[in-house]
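Asks: The structure follows.
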Amino acid sequence: METEYVILPEFSTGEIIKIKLSERQKKESEQYDDFEEYLATLEKEYEFRLDDCQWMVTETYLERKYGF
């Protein structure tokens, strides 16, 4: 599975942060043994704190909403 998207529920703000990784970002992430170390480099750019988040990566992105 290739990492295309990163989904982060940000608990301190109640936000869901969705990031579609660029080709450059995908290549940069391959330089890290641990993907979470790479995510830490994105904190300032996308304004989140990894300590306040869970995260998952996925190849495709689908979303379901109920009651919105």
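We did not get these values from a lab; they are worked out from the coordinates using the rules stated. It should be emphasised that the depicted structure is a prediction, and the values quoted were computed from it without experimental measurement. In this analysis, Cβ positions are derived from the backbone assuming ideal geometry, glycine residues included, and neighbour counts consider all displayed protein chains.
Asks: Of all the helices (runs of 4 or more DSSP H) wholly in the stretch 5-68, which have at least 2 residues that are aliphatic (A, V, I, L, M)? Explain how you work it out, then say what you get.
Replies: Details: elements: 23-29, 35-40, 43-46.
Per the criteria, 35-40.
Asks: Note down all Cβ pairs under 6 Å where the first residue falls in the stretch 31-57 and is without any contact (Cβ under 8 Å) to a residue 60 or more places away in the chain, the second is part of a helix (DSSP H, G or I) and among the hydroxyl-bearing types (S, T, Y), and they're at least six residues apart or on different chains.
Replies: Y32/Y38; Y38/S29
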